[in-house]
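To start, the structure under review is shown below, and the notes come after it.
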Amino acid sequence: MGLLAVYPLQRCAMSATDSRLLLASIHDVSPRFESEIDRLIGLLFPYVGCRFAMLVVPNHWGSAPIVPGSPFATKLRRWKEQGVEIFLHGFTHRDDSRHDHLGKRLSAAVMTAGEGEFLGLSRAEATNRIGHGRALLEAVTGYPIDGFIAPAWLYGNGALAALEEAAMPIAEDHLHVWSPQSGRTLATGPVITWASRSRLRLASSLLAAAMLRRAPIKVLRIGVHPPDARNSSLVKSICTTLGVAAKGRRAAQYSELLEARLRTSGRN
C-alpha cells in the first residue's frame, strides 16, 4: 500500500485562486528507491496534496526493472489513479554514450554522475527507448504518460528530435517547460533542486533553494530526489521551501500549463 492510500482522496482537490503556481516532482521513481519515495511523498503531501509529478525510470541503471503486475507496478497505478502525474524519465537513467563534443563531455561530467542518459543518444536510439518506456508505463498505469523529462535534464539533438517525433505533450529542462508536440514554451524559470554528492554541492544547493524560494517566479518548480530523503539538512530545506512557496502559490500540475497555453492559442 502506498503512503497516499492513507489520505482521503477528496483532500487532493486544491483551490484554483492564485495565478502564481507551484509544481512539485519526485525524480528517479523506481523499485530501487521505494522507501525513499514513500518518505518524499510524505514531505510533499501536506503542501501540494496529490498535485505532484512522478518521474519514473523503467529500469534504473539496468538492474531495477518495473515489472507489470509487481507490487511496485500496482503502487504506480494507484498513484496515477489518485491524481499524480506520471512522466517517463529516461529508460535506465545511465549515460552509456561516448561524447565526442567537448561541451557534452563537460555537461556529462559536471552536471551529473554518469546519469545523463539522453544527452548523447542518436534519434533512432532515443526514439526506441522512449517508445519502450512509454509502452511499459502506459500498460502499468492504464493511462497515457503525461510527458518526458530527461535524466539530469540533459537533452541531445537526437533526444529533442525523438520527442518531437513522438508528439510528447510536455518536457522540461533546468530553465523551462515546453511542449515538443507544438514547440511552444509553457513556463520559464529555474528548478529548485538539491544535491548531496559532495559538501560543496550540498552547501550550494541549500543556498540556491533559500534564494529561489522567495524569487518572483510565476511558475516555481521544485524537484526532489531519493537521496534527499536520507539527509536531514536537505529534508529541512525541502520542507521550508515548500512551506514558503505554498503560502503565495497554488499547487498545480504540468498539464495545467499545457491547457492554459492551448486556451491562449485558441483566442488568438
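No value in this document is a laboratory result; all are computed from the given coordinates. Computed from a prediction, not measured in an experiment: that's the story for all the values here. Counting neighbours? That spans all protein chains shown, and the Cβs are built from the backbone with ideal geometry, glycine included.
Quick notes
- Net charge of neighbours whose Cβ lies under 10 Å from the Cβ of Gly158, counting Lys and Arg as +1 and Asp and Glu as -1: 0
- Annotation: the residues Leu200, Leu55, sorted from fewest to most other C-beta atoms within 10 Å of their own C-beta, follow the order Leu200, Leu55.
- Part-to-part distance (alpha-carbon centres) for region 117-141 and region 149-163, which is given in Å: 10
- DSSP beta bridges in region 154-266 [antiparallel fraction, %, rounded to 5]: 60
- Bridge type composition, the chain - antiparallel percent by DSSP, nearest 5: 20
- Checking (i) 26.5; (ii) 14.0; (iii) 20.1 against mean projected area of the Cα convex hull in nm² calculated from these atoms, the matching label is (ii).
- Charge-dipole axis of region 18-267 as Lys and Arg at +1 and Asp and Glu at -1 on Cβ define it, positive-most pick from Ile130, Ile66, Ala209: Ala209
- Reported to the nearest whole Å, the Cα centre-to-centre distance from region 178-197 to region 21-96 is 18.
- If you run the Gaussian network model on the chain, springs between alpha carbon atoms under 10 Å, then out of Val140, Val244, Val57 the most flexible one is Val244.
- If you sort the three axes of the alpha carbon gyration tensor as a ≥ b ≥ c, you get a/c of 1.5 or more for region 111-268 and a/b no higher than b/c, which makes it oblate.
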